[in-house]
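Please read the structure below before turning to the comments.
The values are calculated or read from the model by the stated rules, or taken from the named source; none is laboratory data. Everything numeric here is computed off the predicted structure, so don't read it as measured data. A quick note on method: Cβ atoms are made from the backbone with ideal geometry, for glycine too, and the neighbour counts reach across all protein chains shown. Heads up: the accessible areas ignore ligands, DNA and RNA and are worked out on the full protein's heavy atoms, side chains in. Shrake-Rupley method; radii C 1.70, N 1.55, O 1.52, S 1.80 Å.
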Amino acid sequence: MFEIVVVIWYLVVLLPFFLFMEGSKMLSDFLKEKKIYMHWDIWHSFIVVLCILLIVLWIKGYR
């Protein structure tokens, strides 16, 4: 039973977080390589995701 809980926890919480972190790192490397923005970090990614979430919820009518 405990193994099922661990697998569910991994799939619901940890895997999306790891994907987000890796995607943010890849975006940061891309921006630095192209010399677009040299100071991108995880906090910028969090702000972008929160802004997108806010816009989607606002458009859908959640207030």
Across (1) assigned to a helix (DSSP H, G or I); (2) open to solvent by less than 100 Å² (accessible area, probe 1.4 Å), TRP40 clears everything bar (1)
Residue pairs within 9 Å by beta carbon, gap of at least six or interchain, first lying in the range 44-63 and under 23 Å from GLU22 (Cα atoms), second open to solvent by 70 Å² or more (accessible area, probe 1.4 Å) and part of a loop (DSSP other than H, G, I, E, B), listed first then second, are HIS44/TYR37
Inside the range 43-63, the number of residues satisfying the requirement of being open to solvent by less than 100 Å² (accessible area, probe 1.4 Å) and of a type outside the set (A, V, I, L, M) is 5
A careful count of residues in the range 19-37 that are of a type in the set (A, V, I, L, M) and open to solvent by less than 90 Å² (accessible area, probe 1.4 Å) gives 3
Would you be able to say whether some residue in the range 1-18 is surrounded by 10 or more Cβ atoms within 10 Å (Cβ to Cβ), part of a loop (DSSP other than H, G, I, E, B) and among the aromatic types (Phe, Trp, Tyr)?
no
